[in-house]
Amino acid sequence: MENKMQQCSRCLYTSLHPLGITFNEEGVCSGCQIHEEKDSLDWDGRFKALKKIIKPYQRGKKQYDCIIPVTGGNDSHFIVHVVKNILKLEPLLVTYNKYFNTPLGIRNLANLKIKFDCDLLTQNINPQVVKKITKHTLRKYGSLYWPCLAGQTVFPVQTAIRYKIPLII
């Protein structure tokens with residue numbers, strides 16, 4: 001059976017995307033479908049549901065209520081703001097060092113710690129190991145970014161287990 005590459009009719013992403021996107025009958029990828037869904041969501045209802053979900057995790061005698069994976073981008077600042085200032089949780093921020101950080105990204109991570117008064121754990125992997133893994137995943141999956149996605153996904157879970165923090169946002 002031959003695997004034929006597909007391309008999204010809207011954004012032009014292909015079926016080779018490292019996150020394994022899918023396509024509907026019209027050839028629209030799952031990413032575009034989710035983006036479109038955002039316009040029809042009941043955001044107030046979802047926020048009320050979120051408050052109900054996080055209630056059991058709010059401050060007890062523990063140091064951290066939750067873990068937030070961050071990159072230093074605008075979305076990281078918005079999420080930490082909502083979690084810290086609106087939901088009143090005490091987060092532990094975690095980030096995976098991708099080794100191609102921009103000066104702005106580094107400054108943004110520092111700003112997150114200072115602005116929101118949060119602790120930040122950074123996972124640094126041996127650069128030689130990262131180089132070997134990147135070569136392998138480029139050959140196997142056609143993606144240089146696969147190790148970054150894996151690190152950003154796995155490190156928060158490892159940290160949650162290590163520190164016994166059951167909530168990852």
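The values are calculated or read from the model by the stated rules, or taken from the named source; none is laboratory data. Computed from a predicted structure; not experimentally measured. Here Cβ is always computed from backbone atoms with ideal geometry, including for glycine, and neighbour counts include all displayed protein chains. In case anyone asks, the SASA skips ligands and DNA or RNA and just uses the protein heavy atoms, side chains included. Shrake-Rupley method; radii C 1.70, N 1.55, O 1.52, S 1.80 Å.
Taking (1) touching a residue at least 60 places away in the same chain (Cβ under 8 Å); (2) open to solvent by 80 Å² or more (accessible area, probe 1.4 Å) in turn, Thr71 satisfies each apart from (2).
The set of residues in the range 76-90 being charged (D, E, K, R) and either under 14 Å from Asn111 (Cβ atoms) or open to solvent by less than 70 Å² (accessible area, probe 1.4 Å) (or both) consists of Lys84, Glu90. You will find that of Leu121, Leu138, the residue that is among the aliphatic types (A, V, I, L, M), open to solvent by less than 90 Å² (accessible area, probe 1.4 Å) and farther than 29 Å from Ile53 by Cα is Leu138 and no other.
Do we have Ile165 as assigned to a helix (DSSP H, G or I) and not hydroxyl-bearing (Ser, Thr, Tyr) here?
no
So how many residues does the range 134-161 have that are within 19 Å of the chain's Cα centre (by Cα) and part of a helix (DSSP H, G or I)?
In the first step, residues of the range 134-161 are kept if they are within 19 Å of the chain's Cα centre (by Cα); the result is 143-161.
Filter once more, keeping what is part of a helix (DSSP H, G or I): 146-161.
Number satisfying all stated conditions: 16.
Here Arg59, Arg46 are screened, and the one residue that is within 30 Å of Leu121 (Cα to Cα), open to solvent by 60 Å² or more (accessible area, probe 1.4 Å) and in contact (Cβ under 8 Å) with a residue 24 or more places away in the chain is Arg59.
Taking the criterion of being open to solvent by 50 Å² or more (accessible area, probe 1.4 Å), of a type in the set (Gly, Ala, Ser) and closer than 30 Å to Ala150 by Cβ, no residue of the range 21-43 qualifies. If you go through the range 92-118 and pick out every residue that is surrounded by 13 or more Cβ atoms within 10 Å (Cβ to Cβ) and either of a type in the set (A, V, I, L, M, F, W, C) or more than 22 Å from Val82 (Cβ to Cβ) (or both), you end up with 11. Screening Cys8 on (1) in contact (Cβ under 8 Å) with a residue 60 or more places away in the chain; (2) buried (at least 16 other Cβ atoms within 10 Å of the Cβ) shows it passes everything except condition (1).
What do you reckon, is Val130 outside any loop (DSSP other than H, G, I, E, B), farther than 19 Å from Pro18 by Cα and of a type in the set (A, V, I, L, M, F, W, C)? I'd like the intermediate steps shown before the answer.
Working: outside any loop (DSSP other than H, G, I, E, B): yes; farther than 19 Å from Pro18 by Cα: no; of a type in the set (A, V, I, L, M, F, W, C): yes.
Judged against the criteria, Val130 is not a match.
Could you say whether any residue in the range 43-52 is over 30 Å from Leu109 (Cβ atoms) and in a loop (DSSP other than H, G, I, E, B)? No, because not a single residue in the range 43-52 is over 30 Å from Leu109 (Cβ atoms) and in a loop (DSSP other than H, G, I, E, B).
When the range 139-154 is filtered for residues that are modelled with pLDDT of 90 or more and in contact with a Leu (Cβ under 8 Å, 6 or more places away or on another chain), nothing remains.
Here the range 77-111 is the region considered, the condition is being modelled with pLDDT under 95 and touching a Ser or Thr at 6+ places or on another chain (Cβ under 9 Å), and the residue that is nearest to Arg162 (Cα to Cα) is Tyr96.
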